[in-house]
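Have a look at the structure below before the remarks.
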Amino acid sequence: MKIITKILLAFTLVALSGCIGPSGGPGAAPNSTALMEDLLMASGNITSYRFESSKMTTAEFLNLTEGRALEDRLSYQLKEKGEISIEKNSSQSMLRVSQESSMSSEKYRNLSMSASREYYIVNSTRYERANGNWTRLFMPYPEYELLRENRLYLQLDILNRSRAEVIGSEAVDGTDCWKLKVSPENSTIRAAVIALEVSEVLGLPAQILLAMFNTTELERNSSIDWTAWVSKEEKHLVKREGTVKASITPEVLGISSPGVRFVINVNVEESMRFFDYDRPLEIELPDEARSAVMLIPVVNISGVSNG
């Protein structure tokens with residue numbers, strides 16, 4: 001092939017690649033920023049959806065003062081499924097969630113336990129069944145409670161505060177999706193995610209852990225691997241799964257413990273599915289829930305419920 005022919009062919013390939021690259025062409029991977037904007041915009045008009053999730057958390061407690069003695073290994077499993085109907089008037093929104101959880105200890109076998117609960121939010125009342133008993137709780141701020149329980153909103157908030165990269169396409173239960181690799185955009189968001197994931201293991205509220213964390217040490221002793229799937233046509237979040245790993249040491253917690261050395265290795269694997277967007281939902285409240293005892297939370301001067 002003559003040199004001039006090769007040059008012309010090279011220019012032709014470059015021109016074609018510009019036509020079918022990330023910003024255009026049928027089937028081409030979209031720009032990740034544009035895809036996230038489309039996802040957030042499409043999600044703002046959603047009126048209902050169903051979800052399922054599963055989370056497995058394992059934690060190893062190692063005593064480094066005595067070599068690397070294994071003190072205990074705990075396992076937590078949580079499965080959820082539910083549905084939510086979102087209306088502009090929060091008094092017409094409804095939520096139903098059912099949970100199955102279990103915990104086991106390798107060292108203390110008698111601590112193994114399992115539990116289930118079911119709860120509804122209807123208007124300004126929360127109905128909950130635990131251990132076979134129903135209670136009703138009046139909520140002075142139902143819009144806040146619904147926002148806190150809105151699984152989709154929480155996932156979108158995480159994605160909006162993360163860096164995303166389109167890494168391919170894949171079908172999820174028959175729905176064609178773009179597949180994205182996701183990572184927190186900065187150390188503060190990273191620390192907040194890890195605090196939420198390890199709070200149950202450490203028995204401390206996430207807010208307290210976030211205030212304690214030495215983010216530099218945490219960065220060196222943790223990893224977050226997330227993947228998200230967004231439907232190509234509707235631009236809805238279809239699935240999100242990931243793994244969070246952290247080694248919690250005195251240095252990570254920002255505490256001084258002369259002569260006492262420990263590490264808590266935490267591994268969290270989670271998967272969430274969202275489906276049946278904008279389909280009519282009929283959330284039926286059980287008769288036993290309607291007749292349950294009503295509890296009224298105490299509200300302090302700042303307006304925060306103590307119930």
Using a ≥ b ≥ c from the Cα gyration tensor of segment 109-162 (square roots of the eigenvalues), is it rounded, prolate or oblate, where a/c under 1.5 gives rounded and otherwise the larger of a/b and b/c decides, a/b for prolate?
oblate
How large is ³J(HN,Hα) for each residue in segment 31-46, as worked out from phi by the Karplus curve 6.51 cos²θ - 1.76 cosθ + 1.60 (θ = phi - 60°), to whole Hz, x for Gly and Pro?
5, 4, 5, 5, 5, 5, 5, 5, 4, 5, 5, 5, 6, x, 9, 6
Segment 181-283, accessible surface, carbon-and-sulfur percent (1.4 angstrom probe):
49
Bin width 20 Å, origin at 0, all Cα-Cα pairs of the chain: what percent of pairs per bin?
25, 51, 19, 4, 0
If one builds a Gaussian network model of the chain from Cα atoms under 10 Å apart, the most fluctuating residue listed among GLY242, GLY67, GLY82 is GLY67
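Per residue, how much accessible surface does the chain expose to a 1.4 Å probe? Answer in Å², no decimals.
Working: 17510 Å² over 307 residues.
Per residue, the chain has an accessible area of 57 Å².
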Net charge dipole size for segment 34-132 [Lys, Arg +1 and Asp, Glu -1 on Cβ; Debye, nearest 20]:
300
Put +1 on the Cβ of each Lys and Arg and -1 on the Cβ of each Asp and Glu in segment 213-282; which of SER223, GLY259, MET272 then has its Cα farthest toward the positive end of the dipole?
GLY259
With a 1.4 angstrom probe the carbon and sulfur portion of accessible area for segment 23-173, in percent, totals 48
Sequence of ASP38, ASP276, ASP173 from largest to smallest accessible area, 1.4 Å probe
ASP173, ASP38, ASP276
Using alpha-carbon positions, what is the distance between the centroids of segment 226-287 and segment 42-67, in Å?
3
So between PHE275 and LEU295, what do we pick up on full extension, going 0.36 nm a residue minus the alpha carbon distance?
3.8 nm
Size of charge dipole - segment 114-203 - debye, nearest 20, with Cβ of Lys, Arg +1 and Asp, Glu -1, no other charges:
200
Residue list for segment 101-135, given a label point 7 angstrom along the Cα-to-Cβ vector of LEU285 and an amide N cut-off under 18 Å:
118-130, 133-135
Could you work out the relative contact order of the chain, using alpha carbon pairs under 8 angstrom and six or more residues apart, expressed as a whole percent?
20
Simple Cβ-charge dipole of the chain, Lys/Arg +1 and Asp/Glu -1, about Cα centre, in debye nearest 20
580
If a/c stays under 1.5 just call it rounded; otherwise compare a/b with b/c (prolate if a/b is bigger, oblate if not). Do that for segment 116-218, with a ≥ b ≥ c from the square roots of the Cα gyration tensor eigenvalues.
oblate
Output the relative contact order of segment 191-295, whole-number percent, from Cα pairs under 8 angstrom with separation of 6+ residues.
22
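Ranked by accessible surface with a 1.4 Å probe, highest first, in what order do GLU197, GLU269 come?
The ranking, largest first, comes out as GLU269, GLU197.
The values are calculated or read from the model by the stated rules, or taken from the named source; none is laboratory data. If you're wondering where the values come from, they're calculated on a predicted model, not measured in any experiment. A quick note on method: Cβ atoms are made from the backbone with ideal geometry, for glycine too, and the neighbour counts reach across all protein chains shown. Just so you know, the surface numbers come from the protein's heavy atoms only, side chains and all, with ligands and any DNA or RNA stripped out. Shrake-Rupley method; radii C 1.70, N 1.55, O 1.52, S 1.80 Å.
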